[in-house]
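Peer 1: Okay, handing you the structure first.
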Amino acid sequence: MSRKWLVALDIDGTVLHEDGTLSDAVRDEVQRVRDDGHEVMLATGRSVAMTLPILDRLGIAPEYVVCSNGAITLRRDEKAPTGYQRHHVETFDASAVLERIRPHLTHANYAVENEEGLYRFHGSFPDGALGAVSEEVPFEKLAHEPATRVVVISPGHAMEEFLAAVELMGLHQVSYNVGWTAWLDIAPDGVNKSTALERVRDAHGIPRDRVLCVGDGRNDIEMLDWATRGGGRGVAMGQAPEEVVAVASEVTASDTEDGLAKALATLQAPL
């Protein structure tokens, strides 16, 4: 029996250093694991447009790619202009969520991503944060069509204050996670990286105990927990916050120490 593993990798702070650089050690180890016959893919909070270039930098072309924290799953298609087509998309009506949030975060900046990867935004976002396809609109126009994700950033809030505000919002009809800074990512209810990866795992016919997931952020918690609970490997990066480490089965070195390369080095070729 083949012992192929499904290897799902977060991008920022895992594949890439926090400054956006990709080390030779990580790239070489990713390619070695791929060449050994394992299925190596990306599972990221990034949009499609910001994910595909990372595949090129790594030199891999997996069958599936998970984007937008699980809301969008791509499948390889050589006939498509980008080499991938949207295989599964989860959307929701963002209007009620936006109305609930705004009274708590009156000075925040808001963006809504649709299934084609267009961001409609209100306020100010760092250069490159939303990718190349974005349109500034009045707040009332943000929920113009079904959304795959809502992004809220509030630079004026200290992290503890921001977390307290999020707690008061009562976001029970969606899935959400808070990033390293005052950054809130909101997805359709019950959707996260693990829900998309379970679909991918099933399509590949790979057992749950041969799943290896690596990540560093709060949006990786469900993914690492899913891998660990299934008897696989949920690997937290060395710089991950305590709540991420708590659900992992193991911890590797930090991104600046090429922790991903060290974790992948333990994965041998299938029998």
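Peer 1: Collect the residues in the range 118-135 that are assigned to a loop (DSSP other than H, G, I, E, B) and of a type outside the set (Gly, Ala, Ser), keeping them in residue-number order.
Peer 2: Matches in the range 118-135: LEU118, PHE125, PRO126, ASP127, LEU130, VAL133.
Peer 1: Cβ contacts < 9 Å: first residue in contact (Cβ under 8 Å) with a residue 40 or more places away in the chain, restricted to the range 135-146; second residue of a type in the set (Lys, Arg) and in a loop (DSSP other than H, G, I, E, B), any location; separation 6+ or different chain. Result?
Peer 2: Final answer for the pair search is PHE139/ARG102.
Peer 1: Give me the residue from the range 120-155 that is of a type in the set (Ser, Thr, Tyr) and modelled with pLDDT under 90 and, out of that set, farthest from ASP19 (Cα to Cα).
Peer 2: Here the residue is SER134.
Peer 1: Turning to a different aspect of this structure: Suppose we filter the range 13-28 for residues that are part of a loop (DSSP other than H, G, I, E, B), of a type in the set (Val, Ile, Thr) and crowded, with 19+ Cβ neighbours inside 10 Å; how many remain?
Peer 2: Counting residues in the range 13-28 that are part of a loop (DSSP other than H, G, I, E, B), of a type in the set (Val, Ile, Thr) and crowded, with 19+ Cβ neighbours inside 10 Å gives 2.
Peer 1: Can you find even one residue in the range 64-78 that is under 20 Å from SER254 (Cβ atoms) and touching a residue at least 24 places away in the same chain (Cβ under 8 Å)?
Peer 2: No, there is no match, as no residue in the range 64-78 is under 20 Å from SER254 (Cβ atoms) and touching a residue at least 24 places away in the same chain (Cβ under 8 Å).
Peer 1: Restricting attention to the range 248-271, report how many residues are in a loop (DSSP other than H, G, I, E, B), farther than 16 Å from ALA8 by Cα and without any contact (Cβ under 8 Å) to a residue 40 or more places away in the chain.
Peer 2: Summing the residues that are in a loop (DSSP other than H, G, I, E, B), farther than 16 Å from ALA8 by Cα and without any contact (Cβ under 8 Å) to a residue 40 or more places away in the chain in the range 248-271 gives 2.
Peer 1: Being part of a loop (DSSP other than H, G, I, E, B) and at pLDDT below 90 is the filter here, so list the residues in the range 94-117 that pass it.
Peer 2: ARG102, PRO103, HIS104, LEU105, THR106, HIS107, ALA108, GLU115, GLU116, GLY117
Peer 1: Next up: Across the range 138-164, which residue is nearest to ALA187 (Cα to Cα) among those that are aliphatic (A, V, I, L, M) and buried (at least 17 other Cβ atoms within 10 Å of the Cβ)?
Peer 2: Taking the candidates together, the pick is VAL150.
Peer 1: Filter the range 3-19 down to residues that are aliphatic (A, V, I, L, M) and either at positive phi or in contact with a Phe, Trp or Tyr (Cβ under 9 Å, 6 or more places away or on another chain) (or both), then give me how many there are.
Peer 2: Within the range 3-19, residues that are aliphatic (A, V, I, L, M) and either at positive phi or in contact with a Phe, Trp or Tyr (Cβ under 9 Å, 6 or more places away or on another chain) (or both) number 0.
Peer 1: Further question: In the range 101-120, is there at least one residue being touching an Asp or Glu at 6+ places or on another chain (Cβ under 6 Å) and in contact (Cβ under 8 Å) with a residue 60 or more places away in the chain?
Peer 2: Taking every residue of the range 101-120 in turn, at least one turns out to be touching an Asp or Glu at 6+ places or on another chain (Cβ under 6 Å) and in contact (Cβ under 8 Å) with a residue 60 or more places away in the chain.
Peer 1: Also, I was wondering about something else. Looking at the range 80-88, is at least one residue part of a loop (DSSP other than H, G, I, E, B) and without any contact (Cβ under 8 Å) to a residue 24 or more places away in the chain? Outline the logic, then answer.
Peer 2: Restricting attention to the range 80-88, the residues satisfying the condition of being part of a loop (DSSP other than H, G, I, E, B) are 80-83.
Still in the list and also without any contact (Cβ under 8 Å) to a residue 24 or more places away in the chain: 80-81.
Yes; the residues of the range 80-88 include at least one that is part of a loop (DSSP other than H, G, I, E, B) and without any contact (Cβ under 8 Å) to a residue 24 or more places away in the chain.
Peer 1: Tell me, which residue of the range 29-81 that is more than 20 Å from ARG210 (Cβ to Cβ), of a type in the set (Asp, Glu) and modelled with pLDDT of 95 or more is surrounded by the most Cβ atoms within 10 Å (Cβ to Cβ)?
Peer 2: Selected residue: ASP77.
Peer 1: Out of ARG233, ARG208, ARG229, I need the residue that is in contact with an Asp or Glu (Cβ under 8 Å, 6 or more places away or on another chain), over 22 Å from LEU168 (Cβ atoms) and free of Cβ contacts under 8 Å to residues at least 40 places away in the same chain. Which one?
Peer 2: ARG233 is the lone residue from the list that is in contact with an Asp or Glu (Cβ under 8 Å, 6 or more places away or on another chain), over 22 Å from LEU168 (Cβ atoms) and free of Cβ contacts under 8 Å to residues at least 40 places away in the same chain.
Peer 1: Please state which of the following conditions VAL7 fails to meet, knowing it meets all the rest: (1) farther than 27 Å from VAL152 by Cα; (2) among the hydrophobic types (A, V, I, L, M, F, W, C); (3) part of a loop (DSSP other than H, G, I, E, B).
Peer 2: It is condition (3) that VAL7 fails.
The values are calculated or read from the model by the stated rules, or taken from the named source; none is laboratory data. These numbers come from a predicted model, not from an experiment. Cβ sites come from the backbone with ideal geometry, for glycine too, and all protein chains shown count toward neighbours.
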